[in-house]
1. Restricting to segment 183-194, name every residue that is within 33 Å of the chain's Cα centre (by Cα) and open to solvent by 80 Å² or more (accessible area, probe 1.4 Å).
2. Of all residues in segment 92-113, how many are in contact (Cβ under 8 Å) with a residue 24 or more places away in the chain and open to solvent by 50 Å² or more (accessible area, probe 1.4 Å)?
3. Take residue 245 and decide whether it is within 30 Å of residue 141 (Cβ to Cβ) and of a type in the set (Phe, Trp, Tyr).
4. Suppose we filter 75, 59 for residues that are of a type outside the set (D, E, K, R) and closer than 30 Å to residue 144 by Cβ; which single one remains?
5. Which condition from (1) in contact (Cβ under 8 Å) with a residue 60 or more places away in the chain; (2) more than 30 Å from residue 132 (Cα to Cα) is the one that residue 173 breaks?
6. Say we look at segment 67-97 and pick out the residues that are hydrophobic (A, V, I, L, M, F, W, C) and assigned to a strand (DSSP E or B); which of these is farthest from residue 169 (Cα to Cα)?
Amino acid sequence: MISGSVRNTLMAAAVAMGALTLAGQASAQAKCNLTLDPGADQWIIRYNPLEDDAAVRDFDLALVNTGKTPCNGRFNVSLRGEPFGLGAPGTSVRVPYAMRDQRSGADLTPRSGTSENVTGAQIHVPKEGREMARIRVAVQPPANLAYGRYTQTAYIALRAANGEVHAERPVTLVLETAAAAVIGLKGEFTRQNGIPTISLGELSQGTRALNTSVYVHSTAGYRVSVTSQNLGKLRQAGTAWYIDYGLQLGARNVNLTAPYSFDVVSAQARNDDYPLTVRIGDTAGKRAGDYSDILTFTVAAL
């Protein structure tokens, strides 16, 4: 049998324990409780090196505090031991980039594996509130960067002045380089009504190298197609007179009597020149005058 005095002592102890438990819960609720929401797991920049001047994009990052006290700190970006730079499978290329907090102007680039000496005003996220940050990612692609997808996972954190990390979130930075190619003409030619025109001078039978080349710039492999309006004939306008001719594109003999094409297979960016050579057929007994044809060169990325 338990006496009354002992029972009162046990009840008092129970009440005291309950009070301590409630105090601990209240203390936990009063803490900063932050999450980072980057909107997407991947921050993607699409880039065509043959058309775009820069590979830059701003990304919004939401900071949500569900705690009962404010969260204060500065951004820090870590690579967790990975070498700095966007990389791609099967290549040793590392594409550099820069990260900047657009509000504070702080440089967040993890060049040495983590952001260094981040300064400027702290970010203040009020209790049970949210703030928006904007991070600019500016990729610095090297010349002749090949087509492909270059990535790196960056761990973005908000860190208090005492070093405590309020929240951290991994984001994969992505540069998608487009498969692209351009074709053009360089060397000796003029333009008539905006169309490049090559003068063959006085026509005589034989092979003649022109001081003109077709060039192709591409981010990988490509296909070149050539068509002749007159199917390999220089024609005199308004008459039935013509002179057969052939074309050599670099080391390739082009069949002008039908659509012609060839492929260049490559996993690397290319800058190729194709000097033009013509073979003029028999000109004996042909009527004097101007003879011409229109060649169309096109290129498509593979």
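The values are calculated or read from the model by the stated rules, or taken from the named source; none is laboratory data. As the structure is a computational prediction, the values presented were derived from the model and not from experiment. Positions of Cβ are backbone-derived with ideal geometry, glycine not excepted, and every protein chain shown enters the neighbour counts. Calculation scope for accessible area: heavy atoms of the full protein, side chains included, ligands and nucleic acids excluded. Shrake-Rupley method; radii C 1.70, N 1.55, O 1.52, S 1.80 Å.
1. Taking segment 183-194 first, the residues within 33 Å of the chain's Cα centre (by Cα) are 183-187, 194.
Passing the criteria: only 186.
2. Total satisfying the criteria: 6.
3. On the way: within 30 Å of residue 141 (Cβ to Cβ): no; of a type in the set (Phe, Trp, Tyr): yes.
For residue 245, the condition - within 30 Å of residue 141 (Cβ to Cβ) and of a type in the set (Phe, Trp, Tyr) - is not met.
4. Details: 75 fails: closer than 30 Å to residue 144 by Cβ.
Of the residues listed, the single one that is of a type outside the set (D, E, K, R) and closer than 30 Å to residue 144 by Cβ is 59.
5. (2)
6. Within segment 67-97, the subset hydrophobic (A, V, I, L, M, F, W, C) is 71, 75, 77, 79, 84, 86, 88, 93, 95.
With assigned to a strand (DSSP E or B) added as a condition, the list becomes 71, 75, 77, 86, 95.
On the way: 71: 16, 75: 11, 77: 10, 86: 18, 95: 22 Å.
The extreme case among them is 95.
Quick grid of which residues meet (1) closer than 18 Å to residue 78 by Cβ; (2) modelled with pLDDT under 95; (3) surrounded by 17 or more Cβ atoms within 10 Å (Cβ to Cβ); (4) out of contact with any helix residue (DSSP H, G or I) (no Cβ under 9 Å at 6 or more places or on another chain):
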{"residue": "120", "(1), (2), (3), (4)": "no, yes, no, yes"}
{"residue": "129", "(1), (2), (3), (4)": "no, no, no, yes"}
{"residue": "138", "(1), (2), (3), (4)": "no, no, no, yes"}
{"residue": "156", "(1), (2), (3), (4)": "yes, no, yes, yes"}
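Residue-wise test of (1) charged (D, E, K, R); (2) closer than 16 Å to residue 97 by Cβ.
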residue	(1), (2)
147	no, no
151	no, yes
155	no, yes
161	no, no
164	yes, no
167	no, no
173	no, yes
187	no, no
194	no, no
